[in-house]
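To start, the structure itself, in structure tokens.
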Amino acid sequence: MNMVYVFSPEKIPLMPCSAAIARLLLKEGKAKVVHRTPFTIKLYAQPERTYTQPLTLGVDTGSTVIGLAVADEQGNICYLSEIEVRNDIATTMKERATHRRNRRQRKTRYRPARWLHRRNSIKTGRFSPTMRSKIDAHLREIHFVQSLLPITSMVLETATFDPHALKNPEVLRKKWLYQKGINYGFANTKAYVLTRDGYTCQHCKGKAKDQRLEVHHIIFRSQHGSDEESNLLTLCKTCHDTLHAGMMALKHTGKKKGNLLHATQMNSIRVQLLKLVEAEETWGFVTKEHRLLAGLPKEHCFDAAMIATRGNQPVFQIQTVLVKKCIPDGDYQQTKGKRSEQRLTTGKIGGLRKFDQVRYQGQNYIVKGRMSTGYAILVDFPGKKADLKPIPKFARMRKVSARSSWMISQRSMPSSSFSLI
């Protein structure tokens, strides 16, 4: 059974109803449709009896995917969603900086650099654009659910990571490494590696009679090799040059750069969310144990369901999961070409903007690209280009909804969870 969400005439969220009751209200003219996804109706008249039940919102916070679920006191799940947050902001800003730097080198009027007097970069308590986007994504979905259902309590699953221990698990056994570190007593990592290897070439063991020693990256930095001592090796200059000339190979194994970016971000997201919303706190290892006991697969929405029920067996009253993907506000590129000779339209073309949802040949698509000649490039919800021939025309499309902060769709729950309904 799929739930239909209900608003009062003042747009106050009420308890959801079944699809049959919503169909009857619409047929009798007592309500109207206000949202298609998720399907929501609004009553024309205040009902004689309005009551709400205590509902708990469970949030599985994350740096890549967020899961949310709403449950009542009996463990009935009436809302499930997963949100894919943006992780492309840093890359996009680097591309923008490259284009600006390229423009300064061309024969145009002098444009002084601006990075020395931007107030936002030196503002107290400032977050990076990536962090601001991820925190806002959590808050935006929480506020959306609160506007859809009468939420009375909230539980956040948070996590605290130790990046130093993730990078070097040895610190858990030797606590003094927290204060002193691996390179304690040495000028730098290079001095530590030379001392560790006994100032001896680790390939020829001194047979080359070359006293000039160098520190070599086992996995090259161009191949994302780490700068840690586990990826460094002492070689004499003769062996080092021979190795880079491709005339020699090492038998040692190196280490690539570790990615602690998401762990570091979650430490900050946890603190900010607990400041901005009033909620209880739980932890990932608790949710995992409850999910395994309930026999649910590893999904962010199911983690959120276990958080919302506080570990009790959930009963799913819905068979679909709302899937959302955060998207940028718009395209700010005004021109293209080596000399910006081609102007780009950033507004509407044929009444459509990028990321608008349209219906074409009986299916819903997202507008990915538009042509001034009246054609559009369409993609499905995951972002895969739709192989449509001939190219769709604006005249044959019907606009379903305008773009927003995210693309939204629905998918069916895994069949393994239907047995729990």
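The values are calculated or read from the model by the stated rules, or taken from the named source; none is laboratory data. Just so we're clear, the structure is a prediction, and the values are computed from it rather than from any experiment. Cβ atoms come from the backbone with ideal geometry, glycine included; neighbour counts cover every protein chain shown. Just the protein is used for accessible areas: all its heavy atoms, side chains included, with ligands, DNA and RNA removed. Shrake-Rupley method; radii C 1.70, N 1.55, O 1.52, S 1.80 Å.
What's the long-distance tail for the chain, i.e. % of Cα pairs beyond 26 Å? Beyond 26 Å sits 70 percent of the P(r) for the chain.
Take the alpha-carbon centre of region 311-372, take the same for region 211-241, and report the distance between them in whole Å. Region 311-372 and region 211-241 have Cα centres separated by 47 Å.
Rounded to the nearest 20 debye, the dipole magnitude of region 150-233 is 440 debye, with +1 charges on Lys and Arg beta carbons, -1 on Asp and Glu beta carbons, and the Cα centre as origin. Annotation: per residue accessible area for region 149-222 equals 65 Å², rounded to a whole number [probe 1.4 Å, protein chains only].
Solvent-accessible surface of region 1-83, taken per residue with a 1.4 Å probe and all protein chains present: 49 Å². Accessible surface of region 197-289, 1.4 Å probe: 52 percent of it comes from carbon and sulfur atoms. Per residue, the accessible area of region 292-421 comes to 58 Å², computed with a 1.4 Å probe over protein heavy atoms only. Mean projection of the Cα convex hull over all viewing directions, computed for region 61-110: 5.4 nm². Taking the helices alone, the chain has a mean residue ellipticity at 222 nm of -7500 deg cm²/dmol, built from -39,500 (n - 2.57) per DSSP H run of at least 4 residues and averaged over all its residues. Measure nothing but the geometry: give the 0 to 90° angle between the long axis through the Cα atoms of 284-294 and the longest principal axis through the Cα atoms of the chain, rounded to 10°. Once rounded, one gets 50 degrees.
Taking the Cα centre of the chain as origin and charging only Cβ (+1 Lys, Arg; -1 Asp, Glu), how large is the dipole, in debye to the nearest 20? Don't skip to the end; give the middle numbers.
Values: 71 positive and 34 negative charges, 626 e Å.
Taking the Cα centre of the chain as origin, the dipole is about 3000 debye.
Of all lysines in the structure, those lying under 19 Å Cα to Cα from LYS205, and not within fewer than 8 positions of it along the same chain, are LYS190, LYS237, LYS251. In this structure, the pairs whose alpha-carbon distance is over 27 Å, taken from LYS256/LYS384; LYS94/LYS384; LYS134/LYS174, are LYS256/LYS384; LYS134/LYS174. Result for the chain in a Gaussian network model with C-alpha springs under 10 Å: among GLN46, GLN317, GLN272, the largest mean-square fluctuation is at GLN46. Counting only residues at least eight positions apart within a chain, or on another chain, the aspartates and glutamates with an alpha carbon under 19 Å from that of LYS324 are ASP60, GLU82, GLU84, ASP88, ASP136, GLU141, GLU299, ASP303, ASP356, ASP380.
Among the protein heavy atoms of region 316-383, carbon and sulfur supply 44% of the accessible surface, probe 1.4 Å, non-protein parts ignored. Between GLN317 and ILE77, the built amide H atoms are under 5 Å apart, and every one of these is 5 or more places off in sequence or on another chain. Can you send over the carbon and sulfur percentage of the accessible area for region 1-97, probe radius 1.4 Å, protein chains only? C and S atoms contribute 52 percent here.
Here THR189 and PHE161 are evaluated by their C-beta separation; at R0 = 22 Å the FRET efficiency comes out at 0.40. Segment GLU280..ALA386, full-extension length gain: 33.8 nm, with 0.36 nm per residue of separation and the alpha-carbon distance subtracted. Straight Cα distances below 16 angstrom link LYS257 to the aspartates and glutamates ASP227, GLU228, GLU229, with same-chain residues fewer than 8 positions distant left out.
Counting only alpha carbon atoms, the long axis of helix 89-105 and the longest principal axis of the chain meet at about 60°. Since only PHE161, LEU243, TRP176 are under comparison, the one whose Cα sits farthest along the positive direction of the charge dipole of the chain, derived from C-beta charges on Lys, Arg, Asp and Glu, is LEU243. Counting Lys and Arg as +1 and Asp and Glu as -1 over every other residue whose Cβ lies under 11 Å from the Cβ of LEU243, the net charge comes to -1.
Just checking the listed ones, PHE302, PHE186, PHE394: in the Gaussian network model of the chain with Cα springs under 10 Å, the one fluctuating most is PHE186.
Among the trypsin sites (Lys or Arg not before Pro) in region 1-72, those placed in a DSSP loop whose Cβ has at most 16 other Cβ atoms within 10 Å are LYS11, LYS30, ARG36, ARG49.
Relative to the longest principal axis of the Cα atoms of the chain, the long axis of helix 261-276 lies at roughly 40 degrees.
Under 12 Å from a point 7 Å along the Cα-to-Cβ line of LEU261: which residues of region 63-103 have their amide N that close? Residues 64, 86-94 qualify, since their backbone N sits under 12 Å from the label point. Across all directions, the average projected area of the convex hull around the alpha carbons of region 278-415 is 12.9 nm². Summarising the label geometry, the points placed 7 Å from Cα in the beta-carbon direction at GLN179 and THR152 lie 5.1 nm from one another.
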